Amino acid sequence: MVYQCVASKNGKIKYLFIAFSTKKRTLARIHSPSKGKSQSVRPISKRTPSWLTYSPDEIITQIVIMAKDGLTPSEIGVKLRDEYNIPLVKPILQKSILEVLEEHDLGLTIPEELDNLIKRAKKLQVHLKTHKGDRKNVRSLELIEAKIHRLAKYYKSKGKLQAKWKYSTVVAQLM
């Protein structure tokens, strides 16, 4: 909190209260009025922890086993953090979980973020078939599909998605 002294025309001193926020400013969301991030905080240190008892080979085998069980890379990371006390995989292995999966031919056909959006659109389409008058979720589906098209364009430009891949409601039903 800061007070600033300002003199007026009649000689009286007025105090202005100027407050400075200590909160970090964040970018706004695309399709909602809210701001901010709700997520866990990554570890500060990028070094391998001294208390870690797993060798890199054991971590790789755990990653492969979890991927064969059907977990996505982000789910594998959460499980390694929560159950195996491995804060970050990259400082230990010098590569990410996705790179480990690609080495063992378990990589994703489409990026995980895009896949999650397609699954969400599919759930909304099923909902809208039974609730035809739900106009709010019709709009939500339009926004989700806009995000899918925007992400698909980005991943095509980066080469992570085939150039001929195109989203349609039929694609969502097949997944």
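Every number here is computed from the coordinates shown, using simple stated rules; none is lab data. Fair warning: this is a prediction, and the values are worked out from it, not measured in the lab. Don't worry about glycine lacking a Cβ; one is built from the backbone with ideal geometry, like all the others, and counts go over all protein chains shown.
Among the candidates ALA163, ALA121, ALA152, single out the residue that is more than 24 Å from ARG42 (Cα to Cα), in contact (Cβ under 8 Å) with a residue 40 or more places away in the chain and among the hydrophobic types (A, V, I, L, M, F, W, C).
ALA121
So in segment 96-133, with the set limited to residues that are assigned to a loop (DSSP other than H, G, I, E, B) and out of contact with any helix residue (DSSP H, G or I) (no Cβ under 6 Å at 6 or more places or on another chain), which one is farthest from ASP69 (Cα to Cα)?
GLY133
Can you tell me which of (1) part of a helix (DSSP H, G or I); (2) under 30 Å from ASP57 (Cβ atoms); (3) out of contact with any helix residue (DSSP H, G or I) (no Cβ under 9 Å at 6 or more places or on another chain) is the one GLU142 doesn't meet?
Condition (2) is where GLU142 drops out.
Go through segment 45-67 and give me each residue that's of a type in the set (A, V, I, L, M) and either in contact (Cβ under 8 Å) with a residue 40 or more places away in the chain or more than 16 Å from PRO91 (Cβ to Cβ) (or both).
Matches in segment 45-67: LEU52, ILE60, VAL64, ILE65, MET66, ALA67.
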